[in-house]
Amino acid sequence: MNFTPKFETKTAESALQGYEPVTNYMATDLITFKPDDEIGTVISVLSNKKISGAPVLNERKELVGIISEQDCLKVVLDSVYHNQPVSKHFVKDYMHKDLITVPVDSDVVDVANMFLKHKFGRFPVVKDGILKGQVSKRDILRAALKIKFTTW
């Protein structure tokens, strides 16, 4: 009798299946701004809420940018240089428009890899251009505590 055992091999794709979706860890109650909001309002909210930035959404709730503390500092310097009040500046003129986003169907390992490739502290999570949440490095570290590792 000839017996040939069958070995089940995992492809890289099937090995990653089973990791938790990023949606289990992302923040969903986010502070957002509109392109026409004044920078003075942004500075006030960022300071009071102790956050470093926020997504910018258009009237259809689509993600169109991110405004950060760094962007606000540029406004402050521009205001001083041109002797204008900060309130004369708008989000749309200073927000970052070239964004790296996370698809809503990503898993925590995909996102961990994105954090290693890019120097951002958080990524917007989107579906069809609509903001669904935001995931941070800390969120992925929380998820890592639940990942089951196998040994040989």
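The values are calculated or read from the model by the stated rules, or taken from the named source; none is laboratory data. Given the structure is predicted, the values throughout are model-derived calculations rather than measurements. We place every Cβ from the backbone using ideal geometry, glycine too, and count neighbours over all the protein chains shown. Areas reflect the complete protein model, heavy atoms only, side chains present, ligands, DNA and RNA absent. Shrake-Rupley method; radii C 1.70, N 1.55, O 1.52, S 1.80 Å.
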Residue match in region 131-141 (condition: farther than 20 Å from S52 by Cα, of a type in the set (D, E, K, R) and part of a helix (DSSP H, G or I)): no
Among the candidates K92, K127, K49, K132, single out the residue that is at pLDDT 95 or above, among the basic types (K, R), within 11 Å of the chain's Cα centre (by Cα) and on the phi < 0 side of the Ramachandran plot. K132
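Answer yes or no as to whether I67 is in a loop (DSSP other than H, G, I, E, B) and either more than 23 Å from D29 (Cα to Cα) or touching a Phe, Trp or Tyr at 6+ places or on another chain (Cβ under 7 Å) (or both).
So I67 does not fit the description; no.
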All but one of (1) modelled with pLDDT of 95 or more; (2) closer than 30 Å to L145 by Cβ hold for E13; state the number of the condition that does not hold. (1)
Filtering region 77-89 down to residues that are in contact (Cβ under 8 Å) with a residue 12 or more places away in the chain and closer than 23 Å to K50 by Cβ, which residue is least open to solvent (accessible area, probe 1.4 Å)? H89
Single residue of K74, K92, K117 found to be out of contact with any Ser or Thr (no Cβ under 8 Å at 6 or more places or on another chain) and touching a residue at least 40 places away in the same chain (Cβ under 8 Å): K92
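Residues checked against (1) over 23 Å from V22 (Cβ atoms); (2) open to solvent by 50 Å² or more (accessible area, probe 1.4 Å):
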| site | (1), (2) |
| --- | --- |
| S44 | yes, yes |
| G53 | no, no |
| D71 | yes, no |
| V91 | yes, no |
| D98 | no, yes |
| V104 | no, no |
| P124 | no, no |
| Q134 | no, no |
